[in-house]
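S.K.: Just passing along the structure, written as structure tokens.
The values are calculated or read from the model by the stated rules, or taken from the named source; none is laboratory data. Here the structure is a predicted model, which means the values were calculated and not measured. Using ideal geometry, Cβ is built from the backbone for each residue, glycine included, and neighbour counts are taken over all protein chains shown. Note: accessible area is taken over every heavy atom of the protein model, side chains too, but ligands, DNA and RNA are not part of it. Shrake-Rupley method; radii C 1.70, N 1.55, O 1.52, S 1.80 Å.
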Amino acid sequence: MRYLTAGETHGPQLTTIIEGFPSNVTLNFDELNFQLHRRQKGYGRGRRMQIEKDTAQIVGGVRHGKTTGAPIALVVVNNDWKHWTSVMGIEPVEDDSEGKRRVNRPRPGHADLNGGLKYNQKDLRNILERSSARETTMRVACGGVVRQLLAEFGIKVAGQVIRIGEVEAKREELAIDDLIRITEESPVRVVDKEAEAKMIAAIDAAKDDGDTLGGIVEVIIEGVPVGLGSHVQWDRKLDGRIAQAVLSIQAFKGVEFGIGFEAAERRGSLVHDEIRYTPEGGFHRATNRAGGFEGGMTTGEQIVVRGVMKPISTLYKPLQSVDIDTKEVFTAQVERSDTCAVPAAGVIMENVIAWEVAQAFMEKFGGDSLEEIRSNLASYLKQVENY
Ligand code: EPS
């Protein structure tokens, strides 16, 4: 399975094509749009999210509610486009140098300057329009499709925010369904109510100061069979592929599995998970410090991934930059933006990880139809059971 996305943040629409998705999966459109809706929520977002009401139009690969095995094409229209038709028009213009909301003072931390130099663009808008996290709408749409395949096999995905700025949420052991329910009701997607209030206050304070906040998000996937991914080749290690997917989310700077970076401080005896066996449960681990992976393969325990998001780089009280025309010192350009997008980034992280797991699932159990995958999985599970 693979997908690509296209489209600019203030262009007419965002587009994606999913290739290799099996036939005979019933697609629930509300469930797909629910993922898009979740991504738009979250305390700390700017005014743009009041303009957009993201809804996916399915324009290929689905007939009478079911996938046919053909590429699935999805489109999300940008409502804001109507305010940007002259700035972002596709037709040639006589003079493209003036008056088109040109960006010439790159924002520190953004793709602006590197992209401008690399693509030889003197209007940095040509970089920011595509580097914008608006693009994640389509990655979440892809997640919204593959989650429905995973759900057919009892695989569940949850996420929670565990830090915003200096505020850390207290951890609680929860059943995955409770985690999903509680975080869905929280404006910052946390379980800990005390931390929730402090996070909201911290976002308000950053906003008042013209500043931004980052944080840490945790994603859990439950119900994954043992043996997705492989130790035999570097690019088949599924934890490595998930890490790449997480770091490809705009503003993400770090990723860890299970106890993650803490493993550096502990002795091996307090890092590795002892192996157990029961006739009913088969092989399993006594703990899950590895976060669901050994040798680049799933262990069958929960996949536990954390990602670190830096604060958004568009600051209303901007840092110093250099004008690309005059080379003189100026403050960076101010574009409308969010104060904190960590809760939304959590939804994005859930969905990009769901994609990687679904892709590895398809590699292992292959099949062009849902029925074929079911029979491949059943025969593998029997092999594991009789091992
Ligand atoms: C973004 C800037 C803001 C965000 C945007 C990402 O958009 P605008 O420039 O239109 O105000 O709202 O996020 C989205 C539009 C979205 O759908 O998440 C940026 O520069 O990355």
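S.K.: Long-range amide H contacts for F330: which residues qualify at under 5 Å (H placed 1.01 Å from N, peptide plane, sequence gap of 5 or more or a different chain)?
M.R.: S321, V322, D323
S.K.: State, to one decimal in nm², a quarter of the convex hull surface area for the C-alpha atoms of the range 57-108, i.e. the direction-averaged projected area.
M.R.: If I average the Cα hull's projected area over directions, I get 6.9 nm².
S.K.: Taking Cα atoms, how many degrees apart are the long axis of helix 29-40 and the longest axis of the chain, rounded to 10 and kept between 0 and 90?
M.R.: Result, in degrees: 50.
S.K.: When only C-alpha pairs under 8 Å and at least 6 residues apart count, what is the relative contact order of the range 186-316, in percent?
M.R.: 37 percent
S.K.: Another one. Just round it to a whole percent: the fraction of Cα-Cα distances in the chain exceeding 41 Å.
M.R.: Result: 17 percent of Cα pairs exceed 41 Å.
S.K.: Between H284 and H64, what's the calculated FRET efficiency when r is the beta-carbon distance and R0 is 30 Å? Round to 0.05.
M.R.: Calculated value: 0.15.
S.K.: Quick check: with the 1.4 Å probe, what order do Y380, Y316 take by accessible area, largest first?
M.R.: Listed by decreasing accessible area, they come as Y316, Y380.
S.K.: If contacts are Cα pairs under 8 angstrom and at least 6 residues apart, what is the relative contact order of the chain in percent?
M.R.: RCO, the chain: 22 percent.
S.K.: Also, I was wondering about something else. Could you give the distance between the Cα centres of the range 192-262 and the range 34-60, to the whole Å?
M.R.: The two parts, judged by their Cα centres, are 20 Å apart.
S.K.: If you stretched the chain out fully between R374 and T26, how much longer would it get, using 0.36 nm times the residue separation minus the C-alpha to C-alpha distance?
M.R.: 123.8 nm
S.K.: Report, in degrees rounded to the nearest 10, the 0 to 90 angle that the Cα long axis of helix 342-365 makes with the longest principal axis of the chain.
M.R.: 50 degrees
S.K.: Could I ask something else about it? Starting from the Cα-Cα distance between F330 and H37, subtract it from 0.36 nm times their residue separation and give me the gain in nm to one decimal.
M.R.: Full extension of this stretch gives 101.7 nm more.
S.K.: I'd like the accessible area for H231: 1.4 Å probe, protein heavy atoms, all chains in place, Å² to the nearest 10.
M.R.: Its heavy atoms expose roughly 110 Å² to the probe.
S.K.: While we're looking at this one, here's another question. For the chain, which whole-number percentage of the solvent-accessible area (1.4 Å probe, protein heavy atoms only) is attributable to carbon and sulfur atoms?
M.R.: 51 percent
S.K.: Quick one: what are the phi-derived ³J(HN,Hα) couplings along the range 218-228, Karplus 6.51/-1.76/1.60 with θ = phi - 60°, whole Hz, x for glycine and proline?
M.R.: In residue order, the calculated couplings are 10, 10, 10, 10, 10, x, 7, x, 5, x, 7 Hz.
S.K.: Determine Rg/Rh for the range 33-73; Rg is computed over alpha-carbon atoms and Rh is the Kirkwood hydrodynamic estimate from the same atoms.
M.R.: Computed over Cα atoms, the ratio is 1.16.
S.K.: If you roll a 1.4 Å probe over the heavy atoms of the protein chains, what accessible area per residue do you get for the chain, in Å²?
M.R.: Result: 50 Å² of accessible area for each residue.
S.K.: For the range 112-123, what does the Karplus curve 6.51 cos²θ - 1.76 cosθ + 1.60, with θ = phi - 60°, yield as ³J(HN,Hα) per residue in whole Hz, taken in order and with x for Gly and Pro?
M.R.: Karplus values, whole Hz, x for Gly and Pro: 3, 6, 4, x, x, 5, 5, 9, 6, 10, 8, 10.
S.K.: Sticking with this one: For M88, which sequence-distant residues (separation of 5 or more, or a different chain) have an amide H within less than 5 Å of its own amide H, given hydrogens modelled in the peptide plane?
M.R.: Here nothing satisfies the definition.
S.K.: Okay, moving on. Quick one: of K122/K253; K53/K170; K253/K317; K198/K327, which pairs are farther than 31 Å apart, Cα to Cα?
M.R.: With Cα atoms farther than 31 Å apart: K53/K170; K198/K327.
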